[in-house]
1. Using a simple spin-label model with points 7 Å from Cα along the Cα→Cβ vector, what separation in nm is obtained for Val87 and Ser163?
2. Report the gain in length on full extension from Arg40 to Leu78: 0.36 nm times residue separation, minus Cα-Cα distance, nm rounded to one decimal.
3. Sort the following peptides by mean Cβ neighbour count (other Cβ atoms within 10 Å, averaged over residues), highest first: 7-16, 72-81.
4. Give me the count of lysine pairs in the chain whose alpha carbons sit under 29 angstrom apart, restricted to pairs 8 or more positions apart or on different chains.
5. Can you give the percent of C-alpha pairs in the chain whose distance is more than 20 Å?
6. About its Cα centre, how strong a charge dipole does the chain have in debye, to the nearest 20, once Lys and Arg get +1 and Asp and Glu get -1 at the Cβ?
7. Would you please name the chymotrypsin sites (Phe, Trp or Tyr not before Pro) within region 131-160 that are DSSP coil residues with at most 15 other C-beta atoms within 10 Å of their C-beta?
8. Roll a 1.4 Å probe over the protein heavy atoms and report the accessible area of Phe123 in Å², nearest 10.
Amino acid sequence: MMNNALAKAIYAAGCRSRGTDVLAYLDELKESQWWSEERREAAQLAKLRTLLAHARDHAPYYRELFEKHGFDCEVDSLAGLKALPSVGKKEIAARRGAIQNEGRGGKLVFSKTAGTTSIPFPFYRSADWDAQHRAAIFRGCSWYGVDPWSQSGQLWSSSHRRSLRLKNRFLDFLQNRFR
């Protein structure tokens, strides 16, 4: 088991080397969880509008979808999203190029998921989005006393390829976790 102070220092150094600040996002989330419902909803709505406008401005698929349905990104509640049709995984896969952000600025992180269909779905996400996603996961872990650098076990698959298994073992060591 790695010393907690050392594990925290290694984790923080890893975040800096990736150019993301997971810990700053984690602090923001921990603070915002105590906001009033009204303040939290207002912040969520503001972020939603920003996201929708970004999708409209930088992803041809969403620009077309919004125009086709007369959708206004300045929604005044989550109920405003009902003006958009549901989009399935097959359509997203078929239109991946038109969904991916045109103004990709910044570092992209490759990701893939099989989800509930067990069909691999590769995509790229911004390093900043990845940091926010990790922070959200870590906030949930913090409710149980687990910090990002705490020794922890994960039920997680491992590759059959030797090179990926070795990489995962190294990353697991750096992140003080085991599978």
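The values are calculated or read from the model by the stated rules, or taken from the named source; none is laboratory data. Being a predicted model, the structure only gives us computed values, none of them experimental. Neighbour counts run over all protein chains shown; Cβ positions are idealised from the backbone, glycine included. Quick note on the areas: whole protein, heavy atoms, side chains included, nothing else; ligands and nucleic acids left out. Shrake-Rupley method; radii C 1.70, N 1.55, O 1.52, S 1.80 Å.
1. It is 3.3 nm.
2. Values: separation 38, 0.36 × 38 = 13.68 nm, distance 1.30 nm.
That pair, Arg40 and Leu78, stretches by 12.4 nm at full extension.
3. Working: 7-16: 15.6, 72-81: 12.2.
Result, highest mean Cβ count within 10 Å first: 7-16, 72-81.
4. Here the count comes out as 24.
5. On the way: 10521 of 15931 pairs.
I get 66 percent for the Cα pairs in the chain exceeding 20 Å.
6. On the way: 29 positive and 19 negative charges, 250 e Å.
My answer is approximately 1200 debye.
7. Working: sites: Phe138, Trp143, Tyr144, Trp149, Trp156; in loops: Trp143, Tyr144, Trp149, Trp156.
Those satisfying the criteria are Trp143, Tyr144, Trp156.
8. Approximately 60 Å² for this residue.
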